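The values are calculated or read from the model by the stated rules, or taken from the named source; none is laboratory data. As the structure is a prediction and not an experimental result, all values here were calculated from the model. Neighbour counts are summed over all protein chains in view; Cβ atoms, including those assigned to glycine, are modelled from backbone coordinates with ideal geometry. Note: accessible area is taken over every heavy atom of the protein model, side chains too, but ligands, DNA and RNA are not part of it. Shrake-Rupley method; radii C 1.70, N 1.55, O 1.52, S 1.80 Å.
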Amino acid sequence: ACTGIENIDEAITLLEQNNWDLVAAINGVIPQENGILQSEYGVETLHGPAYAPASHSAAASSAPSSSSAFRHVVPSRQIVERQPRMLDFRVEYRDRNVDVVLEDSSTVGDIKHILENELQIPASKMLLKGWKTGDVDDSTVLKSLHLPKNNSLYVLTPDLPPPSSSHSGALQESLNQNFMLIVTHREVQREYNLNFSGSSTIQEVKRNVYDLTSIPVRHQLWEGWPSSATDDSMTLAVSGVTFPCHRLTVGRRNSPVQTREQSEEQCTDVHMVSDSDGDDFEDATEFGVDDGEMFGVTSSALRKSPMMPENAENEGDALLQFTAEFSSRYGDCHPVYFIGSLEAAFQEAFYGKARDRKLLAIYLHHDESVLTNVFCSQMLCAESIVSYLSQNFITWAWDMTKEANRARFLTMCTRHFGSVVAQTIRTQKTDQFPLFLIIMGKRSSNEVLNVIQGNTTVDELMMRLMAAMEIFSAQQQEDIKDEDEREARENVKREQDEAYRISLEADRAKREAQEREMAEQFRLEQIRKEQEEEREAIRLSLEQSLPPEPKEESTESVSKLRIRTPSGEFFERRFLASSKLQVVFDFVASKGYPWEEYKLLGTFPRRDVTQLDPNKSLLEVKLYPQETLFLEAKE
């Protein structure tokens, strides 16, 4: 009632700043002429309770504004000592922020003098902007502006040249920063927290807001844009919006035609109407042009095709349509979605060699969520996110917009992850989509490491992906170690098995060689025996065919032959001188020395008897009356 503050949050903040001292809080806020009295002793007295009786209130309201407007009788214990009220200012100039603390008795010129020393800019060249009560001059006392304790201002220097190339690094840093725009839809009193990179333009913000509020860009009426944001093509980094968070309000224009005077009456704060509106702009629908055609797109193109067919029988075909539709909406720079069933994605990610395994990222899309468009265009399609996902993840996607597809995924989720995860996804509200599930394969089951909702930033998304990769890398190193040890054991076992097999082969070959050798020996022995038997038979036959040995007292001429064997033995026999030489050969053969293998040699003269004609008589070959012969094996 005293201060006119209706915002409960602002009131609580003021009380906290004054340690919940109600009198000090009110003294620090209300103007001096409305309840603060200055006495000759330097003390101030707040008169009356914050709520006066109706009669007093009526009287006070009818009286002219003066120091007695809230004057009521109060006990003397409410007299408190006046403490100087300190005001905090955060002043932004290009890439710098300067903090200034002053008493409320100071002037705007005092702030400029402090900034002159800090920024090295002449005070006469400064335009200090951001005052809630409009423009002020250097002599304005801060107390008269009724400012809160914390204030944000910015400095404009239109008479100074633009920053040199030395500021390009800071500008690049601003372009890479993420700004959170808290946009309030005035008609429905709903807030949207939107994340944009510094390189996004004001026009892109307005088009995204069009997706959320269905207010065409040319019908949007904005409050809260800095006065430096004069062009929709400006990026957020150079537009002057507060980092990291800036509040804006958007509403629908009441009339298709709005003059500059009407715009100024509707906005008491620094505001901005899309530059697509002109002073004498007429509604495009009057000329048969709808909202979509304003941007060169027909209304049929704005009616988005479904990301995935309902009741799709083949998951691979559904994912092909999802990828094609995603590319048509958000461009070709997006994660590479795995084409195939969820089971096939598991096989690809988890069941290869430990060094080749990856995390599985499941993207759950929902067209009816207000966060989907911003999440896909600003975060999921960011080059850093796309690159990181392609290197470390297998990315699989599913559309949860249709109830049949939603039920199908929940069934798959229950089968692969369990009922707890399925219930967690089932309870997610539409505005919490899209979801990003990070899955890690383990020996016995698949573990859900993280469930990332759509209301995030690029940096936060990257940090959560990297945190999941740290967990996965630690597990992967253990798996690699176990796999190497297992392969080492298997290699040793294979080597042992191979050595055992080679040993068995060698033993078998040795045994077979011995068997072959024994068989050969047996065969040779058989041949030898057969040969010996044959020789013996021949010998016996020859021995039986020999004529009887003549007696010594025989009247016929008898030749006596003495034969020496290779072993040094001698055997003798008498033969008729008329007997043929063949008889001698048969006799020698009957003793085991066939003439085919041995030759019979004479001594004096030395001659080979076996070369003589066997049909000649002993007398003719001069082996009469006696002769010594010896046997020698043929070569």
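For segment 174-252, what is the Kirkwood hydrodynamic radius in Å, using each pair of distinct C-alpha atoms?
With all distinct Cα pairs of segment 174-252 included, I get 12.4 Å.
So what J values fall out for segment 610-615 if you push phi through Karplus, 6.51 cos²θ - 1.76 cosθ + 1.60 with θ = phi - 60°, rounded to Hz, Gly and Pro as x?
In residue order, the calculated couplings are 5, 7, 7, 6, x, 8 Hz.
Can you list, largest first and rounded to whole Å, the semi-axes you get for segment 416-463 by taking the square root of 5 times each eigenvalue of its Cα gyration tensor?
Equivalent-ellipsoid dimensions as semi-axes: 21, 16, 5 Å.
Sort 561-573, 325-337 for me by packing, meaning the mean count of neighbouring Cβ atoms within 10 Å per residue, highest on top.
Highest to lowest by the protection proxy: 325-337, 561-573.
Residues with beta-carbon under 15 Å from that of residue 113, excluding residue 113: net charge, scoring Lys, Arg +1 and Asp, Glu -1?
-4
Which order do the peptides 475-485, 212-222 come out in when sorted by mean C-beta neighbours inside 10 angstrom, highest first?
Highest to lowest by the protection proxy: 212-222, 475-485.
Any number yet on Rg/Rh for segment 512-563, C-alpha, Kirkwood?
Across segment 512-563, the Cα-based Rg/Rh ratio is 1.42.
Scattering from the C-alpha atoms of segment 315-481 alone, worked out with Debye: what is log10 I(q)/I(0) at q = 0.16 1/Å?
Normalising to I(0) and taking log10 leaves -0.93.
Have a look at 561, 633, 609 and report the one farthest towards the positive end of the charge dipole of segment 558-633, computed about the Cα centre with Cβ charges (Lys/Arg +1, Asp/Glu -1).
Farthest towards the positive end: 561.
Over 29 Å between Cα atoms: which of 206/429; 591/622; 353/429; 560/634; 112/206 fall into that group?
From 206/429; 591/622; 353/429; 560/634; 112/206, over 29 Å: 353/429; 112/206.
Run the accessible area of segment 308-454 with a 1.4 Å probe and give the carbon-and-sulfur part as a rounded percent.
So the carbon and sulfur contribution to the accessible surface is 46 percent.
Output ³J(HN,Hα) for segment 2-15: one whole-Hz value per residue in order, computed from phi by the Karplus curve 6.51 cos²θ - 1.76 cosθ + 1.60 with θ = phi - 60°, and x for Gly and Pro.
7, 9, x, 7, 9, 7, 4, 5, 5, 4, 5, 4, 5, 5
In a shell of Cβ-Cβ distance under 13 Å around residue 488, excluding residue 488 itself, what net charge do Lys and Arg (+1) and Asp and Glu (-1) give?
The answer is -2.
Over 5 Å intervals from 0, what percent of Cα-Cα pairs in segment 558-633 sits in each interval?
4, 17, 32, 31, 14, 3, 0
What are the semi-axes of the equivalent ellipsoid of segment 406-509, taken as the square roots of 5 times the eigenvalues of the Cα gyration tensor, listed largest first and rounded to whole Å?
Rounded to whole Å, the semi-axes are 48, 18, 8.
Using the crude model of +1 on Lys and Arg Cβ and -1 on Asp and Glu Cβ, and no other charge, please compute the dipole size for segment 315-481 relative to its Cα centre, in debye to 20.
With only Lys, Arg, Asp and Glu charged at Cβ, the dipole is about 540 debye.
Counting each pair of different Cα atoms once, what's the Kirkwood radius of segment 86-156 in Å, rounded to one decimal?
One over the average 1/r among Cα pairs gives 12.0 Å for segment 86-156.
Dipole of segment 373-448 (Lys/Arg Cβ +1, Asp/Glu Cβ -1, origin at the Cα centre): which of 405, 445, 395 lies farthest to the positive side?
445
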